[in-house]
Amino acid sequence: MCGIFGVINDQTNEAAQTVLSGLKKLEYRGYDSWGIALKATDSNDIKIDKHIGKIGSAATSLPRGSIAIGHTRWATHGGVTDANAHPHLDCSHHIAVIHNGIVENYQELQSKLKTQKHVFVSETDTEIIAHLIEEESKTKPFFKATLHTFKKLVGSNAIAVLNGKTGEVVVCRNGSPLVIGVAKNAIYIASDATAFLDKTNTAYFMEDDEVIDIKKNDDVSLYSISTEKEKKLVVRKIDWKAEAAEKAGYAHFMLKEVNEQAKTIPNALTHKDKTIAQVAQRIKVGYKPILIGCGSASYCGLAAQYLFAQAGVEAINFGAYEFEPFSPLVSEKSLVFAISQSGETADTILAVKQAKKNGAKIVAIINAQGSTLERLADYCLPVGAGPEIAVVSTKAFTAQLGIFFALTGELSKINPAPFIHDFPLWLKNKKTSETILNLAKQLLKTEHIYLIGKHINYPSALEFALKLKETSYMHAESFASGELKHGVISLIQPGTPCIALTAHDAVQKEVISSAIELKSRGAYIIGVGPENNKAFDCFIETPDNGASFSIFYNVAVGQLLGYYLGIGRGADPDKPRNLAKSVTVK
Ligand code: F6R
């Protein structure tokens, strides 16, 4: 949700170009508008370049200089206009601010600033930050003015502020992510470390309640915001490679990431370390798993609930945004699994903080490194899928699920070997992609599509439908097949496409029987699974590796179908409309 990138002491003296290329890597965080503020060489003026729309292949004509900060916006306060694009300036045009988050008390702060004769040119909450710093600077040096301004902001926020007179940059974090990249002669700031991995893999992941004052590349100080005391800045190495965040010849990150599952799912399934054993041990001695996440991560939690049940363990799952009413049920005997690709999802973080207050132990099932959830957790099970750049989650979802297989396998002894052998071959097989592409061509004009699945293939159906909605903007809705006759079958009209997700399992016949009921109301039935059936008008075959593993095949069909439909319907599968990769606000 909004991307921040900055450089101090750019080695090429082309800081604006460096920031532009960093912002392009962060575009997945918001693509309503983008902008850069530069301290030009030999000038006290801040030069600004900002535009609405995706940064895509944009260029900037900002002059040379070694210090710049930039932003990609996902609009929350104020429409998508040039004036609302970041950076925002104070009245004197010496202070530029970029911001990720929401200033919840901005209206009252703005009213006061207006009485002090500050003039506002945008409708954003961000602009008040620049004017507040200007006001505070009347009595304090720039760093203190920024720090004291940040203390007045209510909400989850991260800011980077450039002082055009001195070139000093101050960054503050409370609730929204910020990482500092430390290179030999330059400092980078970013919302996500993947944006500067081509420059350095040495990083400091800021904590909440921290501020960093960057006077020069070799004069960088870290402080606590609340106590204002200096802290030691201890960097760490990131083990992701810069190439992992590139498209590697694929047309889109989404397609690359779907294909990477040939490795990422097997890696997750065979994840064996002492943390898995420790977490499994907690469950064996009676800790109750509570699974929370949002979107795809929540569907992963639902699938994990079935896996736990299979292993004889009672677990509950719900969207992190619905945690509050259930929080009294969470105690020191609970094991809360926080499932998240980014580790920065605001609702999941809030739920985890509450669960910790109740005494629960937290297990983070996370993909990104150095995230807030990782730091809040008692146990971290990294899913190891590598950078996921497409906004739509694919390989992170399946790797998270793979970790639950590894964990519940520890409890129930499921054998992943046949799946590990068959899945990569199936995914790479031309026939798989051709069949799905042909189906996408057939469904191009469809506006409503329904999916059914049962048991573990109910969460498969939910995740499948989410992929179709996100990438193709088609209305796709999933039902547990047992639910059909209780009302929703009334939606079916002659020709309505319905997808039945099957496995070679105890409920295969029931799902097929539901498909036949749909067909008798005129539905066009697309079967997915290991066995064809005469009820199917179209069939996508998947290998038979047992009921549990069918979820990986069925979801992968949804990912590919969503991808091809998105392209066919003129959407950008990497950057669907209205979405941002990391939802860092409530
Ligand atoms: C779906 C998708 C979202 C995320 C959700 C949680 O394709 O990407 O539904 O799964 O926003 O995000 P994380 O996993 O970062 O907590």
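The values are calculated or read from the model by the stated rules, or taken from the named source; none is laboratory data. Please read all numbers here as calculations on a predicted model, not as lab measurements. With ideal geometry, Cβ positions are generated from the backbone for all residues, glycine too; neighbour counts draw on all protein chains shown.
PRO530 - would you say it is touching a helix residue (DSSP H, G or I) at 6+ places or on another chain (Cβ under 8 Å), under 23 Å from ALA304 (Cα atoms) and in contact (Cβ under 8 Å) with a residue 60 or more places away in the chain? So that I can check it myself, show each step before the final result.
Details: touching a helix residue (DSSP H, G or I) at 6+ places or on another chain (Cβ under 8 Å): yes; under 23 Å from ALA304 (Cα atoms): yes; in contact (Cβ under 8 Å) with a residue 60 or more places away in the chain: no.
So PRO530 fails the test.
Pick from ILE180, ILE214: which is under 25 Å from LEU376 (Cβ atoms) and in contact with a strand residue (DSSP E or B) (Cβ under 9 Å, 6 or more places away or on another chain)?
Working: ILE214 fails: under 25 Å from LEU376 (Cβ atoms).
Result of the check over ILE180, ILE214: ILE180.
For every residue, the table says whether it meets (1) surrounded by fewer than 19 Cβ atoms within 10 Å (Cβ to Cβ); (2) modelled with pLDDT of 95 or more; (3) within 23 Å of SER296 (Cα to Cα).
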{"residue": "ALA377", "(1), (2), (3)": "no, yes, yes"}
{"residue": "LEU381", "(1), (2), (3)": "no, yes, yes"}
{"residue": "SER393", "(1), (2), (3)": "no, yes, yes"}
{"residue": "ALA396", "(1), (2), (3)": "no, yes, yes"}
{"residue": "GLN400", "(1), (2), (3)": "no, yes, yes"}
{"residue": "THR408", "(1), (2), (3)": "no, no, yes"}
{"residue": "LEU411", "(1), (2), (3)": "yes, no, no"}
{"residue": "ILE420", "(1), (2), (3)": "yes, yes, yes"}
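Anything in the stretch 199-257 that is acidic (Asp, Glu), modelled with pLDDT of 95 or more and not in a loop (DSSP other than H, G, I, E, B)? List them, or say none. Full working, then the answer.
Filtering the stretch 199-257 for residues acidic (Asp, Glu) gives 207-210, 213, 218-219, 228, 230, 239, 243, 246, 257.
Remaining after also requiring modelled with pLDDT of 95 or more: 209-210, 213, 219, 228, 230, 257.
Across the stretch 199-257, the qualifying residues are GLU210, ASP213, ASP219, GLU230, GLU257.
For the stretch 269-292, indicate whether the set of residues that are without any contact (Cβ under 8 Å) to a residue 60 or more places away in the chain and within 16 Å of the ligand (Cβ to nearest atom) is non-empty.
So far as the stretch 269-292 goes, yes, one or more of its residues are without any contact (Cβ under 8 Å) to a residue 60 or more places away in the chain and within 16 Å of the ligand (Cβ to nearest atom).
Quick one: which strands (runs of 3 or more DSSP E) sit completely within the stretch 1-53 and have at least 2 residues that are β-branched (Val, Ile, Thr)?
3-8, 46-52
Quick grid of which residues meet (1) under 14 Å from LEU561 (Cβ atoms); (2) more than 16 Å from the ligand (Cβ to nearest atom); (3) surrounded by fewer than 21 Cβ atoms within 10 Å (Cβ to Cβ):
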| residue | (1), (2), (3) |
| --- | --- |
| ASN429 | no, yes, yes |
| SER433 | yes, yes, yes |
| LEU439 | yes, yes, no |
| ILE449 | yes, yes, no |
| GLY453 | no, yes, no |
| LYS467 | yes, no, no |
| LYS485 | no, yes, yes |
| THR496 | no, yes, yes |
| LEU501 | yes, yes, no |
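Can you tell me which residue is farthest from ALA244 (Cα to Cα) among those in the stretch 170-184 that are surrounded by fewer than 24 Cβ atoms within 10 Å (Cβ to Cβ) and at pLDDT below 95?
Here the answer is ASN174.
For LEU302, are the conditions met, namely being farther than 26 Å from SER156 by Cα, within 16 Å of the ligand (Cβ to nearest atom), among the aliphatic types (A, V, I, L, M) and at pLDDT 95 or above? It would help to see each step written out before you state the result.
Working: farther than 26 Å from SER156 by Cα: yes; within 16 Å of the ligand (Cβ to nearest atom): yes; among the aliphatic types (A, V, I, L, M): yes; at pLDDT 95 or above: yes.
Judged against the criteria, LEU302 is a match.
Of all residues in the stretch 77-114 being part of a loop (DSSP other than H, G, I, E, B) and among the acidic types (Asp, Glu), which is nearest to ALA130 (Cα to Cα)?
Of the stretch 77-114, the ones part of a loop (DSSP other than H, G, I, E, B) are 77-87, 90-94, 102-105.
Then drop every residue that is not among the acidic types (Asp, Glu), which leaves 82, 90, 104.
Values: ASP82: 17, ASP90: 5, GLU104: 16 Å.
Once the filter is applied, the top-ranked residue is ASP90.
When only residues in the stretch 207-244 that are of a type in the set (A, V, I, L, M) and touching a Leu at 6+ places or on another chain (Cβ under 6 Å) count, which is farthest from VAL154 (Cα to Cα)?
ALA242
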